[in-house]
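See structure below.
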Amino acid sequence: MEIRDVIHGSIAVEPSELGIIDSRYFQRLRQIKQLGFAEHSFPSATHNRYIHSLGAMATASKAVDVIFKGRPKAFGRFRAVARLSALLHDVGHGPLSHTTEFAMPDVKSLGVPGVAIKGKSRKATHEDYTLKIILDSHLTPFLERAGVEHGFKPMHVAALVDPSITIDDDFFEERIDGETVDFRPILKQLISSELDADRMDYLRRDSLYAGVSYGQFDFDWIIGNLGSHIKNGKCYLALQHRALYSFEDFLISRFHMFLMVYFHYKSVVFDEMLRQYLEGEDCEYSLPSDIEKYAECNDAHLYAHLAQSKNEWARRISDKRPFRMLVELHSGIPTTKTAAQEQVRLLKSIQKDLNSQGIEYIMKASTGELSKYFRKPGDPIFVRYDNHYSKPNFIPLEQCTEVFQRYSEKRTITRLYVSPENYALCRNQGKGSPLRFEDYEESPRVTN
C-alpha cells in the first residue's frame, strides 16, 4: 500500500503497519493540527500530525536504508522497529499539540507499565501518553503482531521514543567483526537528536504549508551522506564531512523557523490565552488519564468546549478576539549595553503605567536557541572524514563546525499584549515614548 504525500511523494506502508495506522489512536492525529494556532497567522498551515507522523516514518526509512546498507542481517529488524517508532513518536499529542499539556493529569495516574516515575509529582506530557498508547492500550496487540516477524515487542518501539526505558534483552545488539555492538544509540538518534527524522520532516512540511522559505534545507544530500560509527561497543550516527555545510544550514533553518513561524506573535497570544484559561480556577476542561477516553480528545473536542464556556479567555479564543500586541522587543538587536538597558526600562515603565490604570495585559517571552547539543549532551554525532591514503577519521560533530559557537546566544522575543478594547488608548498614551507603541502596531490580518 502507498500513501501519497506532498513532501515525500509515495510513502510505502507495510501490511503489518496497516492495523496500527487504521487504529483510532493514530487516526485521531488527523484532527490535531501540527502547528496549533498558527493558522491565524499562516492560513494554509492547517496540516495535521497524522501526515507528519507518516512523513517521519518515511524519513526514518530512507535514513536506515542508507546507514545500514551492507549490513543485511540486522537491517530488517532495525528498519521495522525504527519505522514504527517514528510513526508513533507523536501519537500521544493532545489537542492543539503542546498547549493543552497544562490540562493533563498527574503522570502517575496514567500508570505507564515499565516506566519508573522518579522524583516529585508532575503533570503528564504528550510523551507520557505516547508511551501509554504504545505499551498499554488497545493498540498494543497490533504492535505485538507487527513485531512477530522481526522479533521485537512494543517495549522495543517505546525504547526508541524514551531513552530512559531499560531493555534487558539483546534485540538491539549485533555481532560486527567479532564484537558485540549495541545499535540502540543510533536508532534513538534517528527518532530524537540534532539530526532526527522528526525534525527533517516537520521543517520542510511546516515551511511549505506556512508559505515561508526558512525551513528549507538540502534534505536529499543530508540523507545520502548519513552513516554510522562504532565506539566502545555502541553504534552512533555519523555524517560525511561533505554534508557538514548542509547540516549547518539545517540547524539555522530550524532556528529561524522558531523565531519567524513557531514564535509568531499571533500564535503566541492564542497559546497564552488558552494557558490562562487552563490554569484558571473556573476552568472546566481537563484531559483524561483513561487512555481510551483520551483517544476521543482532538482539536474539535477542545473547540467545542471553548464555544460553550463562559470564561472570558475561552470566549476570546472561540470568538477570535485575541489580545493585541502593544510592544515587541528582541534580545540581541540593540548594539550597545545602554540600548538594551533602555529596552528593559521602557518595558517596566509600560507595565507600571498599565498596572496603575488597572489595564489587564499579557506579557510573554519566547526564547529560541540554535541547539541544546552542548547544554544537554547525549549520544554523540560524528563527522566522517575520508581520504585516499588512510582509514576514515571520525571526529565529534562539535569539533568540526563553529556554528554552535557563532549562534550560542539565545534569542528572546518579549511581547506585551492588551485587549483590543484597550489597544487604542494604550497606543495613544505611548506617542511620547522613545520607543513608540505605533511602531509595533499589529499587522493587517491579510499579512503575517
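Give the residue that is modelled with the lowest pLDDT, with candidates limited to residues of segment 220-251 that are β-branched (Val, Ile, Thr) and out of contact with any Phe, Trp or Tyr (no Cβ under 7 Å at 6 or more places or on another chain).
Going through the qualifying residues, I end up with 230.
Looking only at residues in segment 208-226 that are in contact with a helix residue (DSSP H, G or I) (Cβ under 7 Å, 6 or more places away or on another chain) and small (Gly, Ala, Ser), which one is surrounded by the fewest Cβ atoms within 10 Å (Cβ to Cβ)?
213
Which of the helices (runs of 4 or more DSSP H) found entirely inside segment 140-210 contain at least 2 residues meeting this: in contact with a strand residue (DSSP E or B) (Cβ under 7 Å, 6 or more places away or on another chain)?
184-191
What is the one condition in (1) of a type in the set (A, V, I, L, M, F, W, C); (2) open to solvent by less than 20 Å² (accessible area, probe 1.4 Å); (3) modelled with pLDDT of 95 or more that residue 66 does not satisfy?
(2)
Please specify each residue of segment 67-106 satisfying the condition of being over 15 Å from residue 288 (Cα atoms), among the charged types (D, E, K, R) and part of a helix (DSSP H, G or I).
Passing the criteria: 73, 77, 79, 83.
Just name the residue that is most open to solvent (accessible area, probe 1.4 Å) out of those in segment 251-273 that are farther than 18 Å from residue 330 by Cβ and either in contact with a Leu (Cβ under 7 Å, 6 or more places away or on another chain) or not in a helix (DSSP H, G or I) (or both).
Step by step, filter segment 251-273, then rank; the result is 254.
Could you please let me know if residue 247 is among the hydrophobic types (A, V, I, L, M, F, W, C), part of a helix (DSSP H, G or I) and farther than 30 Å from residue 122 by Cβ?
So residue 247 passes the test.
Take the residues of segment 69-94 that are touching a strand residue (DSSP E or B) at 6+ places or on another chain (Cβ under 8 Å) and not small (Gly, Ala, Ser): which is least open to solvent (accessible area, probe 1.4 Å)?
The residue in question is 71.
Does residue 371 count as open to solvent by less than 80 Å² (accessible area, probe 1.4 Å), small (Gly, Ala, Ser), at pLDDT below 90 and farther than 30 Å from residue 230 by Cβ?
Taking the combined requirement at face value, the residue does not satisfy it.
Every residue, every condition in (1) hydrophobic (A, V, I, L, M, F, W, C); (2) under 19 Å from residue 73 (Cβ atoms), yes or no:
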site	(1), (2)
149	no, yes
153	no, no
156	no, yes
160	yes, no
165	yes, no
169	no, yes
173	no, yes
176	yes, yes
185	no, yes
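On the given criteria, is residue 45 crowded, with 21+ Cβ neighbours inside 10 Å, outside any helix (DSSP H, G or I), among the aliphatic types (A, V, I, L, M) and at pLDDT 90 or above?
Taking the combined requirement at face value, the residue satisfies it.
In segment 167-183, how many residues are closer than 15 Å to residue 156 by Cα and open to solvent by 80 Å² or more (accessible area, probe 1.4 Å)?
Within segment 167-183, residues that are closer than 15 Å to residue 156 by Cα and open to solvent by 80 Å² or more (accessible area, probe 1.4 Å) number 2.
Report whether or not residue 97 is touching a Gly at 6+ places or on another chain (Cβ under 9 Å) and open to solvent by 10 Å² or more (accessible area, probe 1.4 Å).
So residue 97 fails the test.
Which members of segment 191-218 meet the condition of being acidic (Asp, Glu) and either at pLDDT below 95 or farther than 23 Å from residue 397 by Cα (or both)?
194, 206
The values are calculated or read from the model by the stated rules, or taken from the named source; none is laboratory data. In this text, all values refer to a predicted model and were calculated from it rather than measured experimentally. For neighbour counting, all protein chains shown are included, and Cβ atoms are generated from backbone atoms with ideal geometry for every residue, glycine included. Ligands, DNA and RNA are excluded from the accessible area calculation, which covers all protein heavy atoms including side chains. Shrake-Rupley method; radii C 1.70, N 1.55, O 1.52, S 1.80 Å.
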